[in-house]
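K.L.:
I have a structure here, written as structure tokens, and I will follow up with some questions on it.
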Amino acid sequence: MKTTFAFIGVSLAVIFFLALAFRPVNVSGSVKYSEGNPELPDSVMKVFQKACMDCHGQDGSSMAKMHLNISSWNTYDIKKQAGKAFDISKELSKGSMPPGKWRKSNPDNIPTQAEVGLIKNWAKSLNN
Ligand code: HEC
């Protein structure tokens, strides 16, 4: 009798820990990839805040946010983050973002060569 109870106890403990180990991380209702959901590094965020979030942030234009909403980055799953990072890198390489008109009125906020390099390295790190 004693051994039966011990066996049940151990089984329950094993099931409990297995459930813990394989539970998907759940953030605001959506299932995330269990390997994590990295936030934007500060250095990357700084560039985005300066040069992108006028349009691609909370108070940006709906056209821009449809493609990329940096304020919602943490709700993107790992795959989507990698894809968006790739798109961002592409736009920066072409020099098509931020758009020309915005560059003219915000000349001091255009990403520098070093900042573009930093963003490209970050994008690469999400896509390897
Ligand atoms: C003046 C507003 C504005 C700023 C500033 C801006 N964007 Fe955009 N962006 C847009 C708009 C509008 C679109 C969607 C229409 C288009 O493709 O031209 C867009 C589209 C994009 C896309 C999707 C492109 C595609 O073809 O799918 C990416 C990626 C992007 N922007 C990245 C950035 C990054 C990175 C920055 C900062 C370095 C930035 N944008 C700054 C307005 C802006």
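The values are calculated or read from the model by the stated rules, or taken from the named source; none is laboratory data. Because the structure is predicted, anything quoted here is derived from the model rather than measured. Cβ sites come from the backbone with ideal geometry, for glycine too, and all protein chains shown count toward neighbours. Side chains included, ligands, DNA and RNA excluded: accessible areas come from the protein's heavy atoms. Shrake-Rupley method; radii C 1.70, N 1.55, O 1.52, S 1.80 Å.
K.L.:
Looking for whichever is among the small types (Gly, Ala, Ser) and either within 12 Å of the ligand (Cβ to nearest atom) or touching a residue at least 40 places away in the same chain (Cβ under 8 Å) (or both) here; the options are 72, 61. Which one fits?
P.N.:
Answer to the check: 61.
K.L.:
Which of the residues spanning region 59-70 are open to solvent by 90 Å² or more (accessible area, probe 1.4 Å) and either in a loop (DSSP other than H, G, I, E, B) or within 15 Å of residue 88 (Cα to Cα) (or both)?
P.N.:
59, 66, 67
K.L.:
Within region 85-126, work out how many residues are farther than 18 Å from residue 43 by Cα, more than 11 Å from the ligand (Cβ to nearest atom) and open to solvent by less than 40 Å² (accessible area, probe 1.4 Å).
P.N.:
0
K.L.:
For region 46-58, which residues satisfy the criterion of being free of Cβ contacts under 8 Å to residues at least 24 places away in the same chain and either under 18 Å from residue 119 (Cβ atoms) or open to solvent by less than 40 Å² (accessible area, probe 1.4 Å) (or both)?
P.N.:
Residues satisfying the conditions are 46, 48, 49, 53, 56, 57.
K.L.:
A follow-up question, please. Hey, could you check region 93-118 for residues that are touching a residue at least 60 places away in the same chain (Cβ under 8 Å) and assigned to a helix (DSSP H, G or I) and say which is farthest from residue 48 (Cα to Cα)?
P.N.:
Among them, the one singled out is 118.
K.L.:
Could you check region 26-82 and list, in sequence order, the residues that are touching a strand residue (DSSP E or B) at 6+ places or on another chain (Cβ under 9 Å) and at pLDDT 90 or above?
P.N.:
Those that are touching a strand residue (DSSP E or B) at 6+ places or on another chain (Cβ under 9 Å) and at pLDDT 90 or above: 74, 75, 77.
K.L.:
With (1) more than 15 Å from residue 46 (Cα to Cα); (2) assigned to a helix (DSSP H, G or I) as the list, and residue 73 as the residue in question, which single condition is left unmet?
P.N.:
That leaves (1) as the condition not met.
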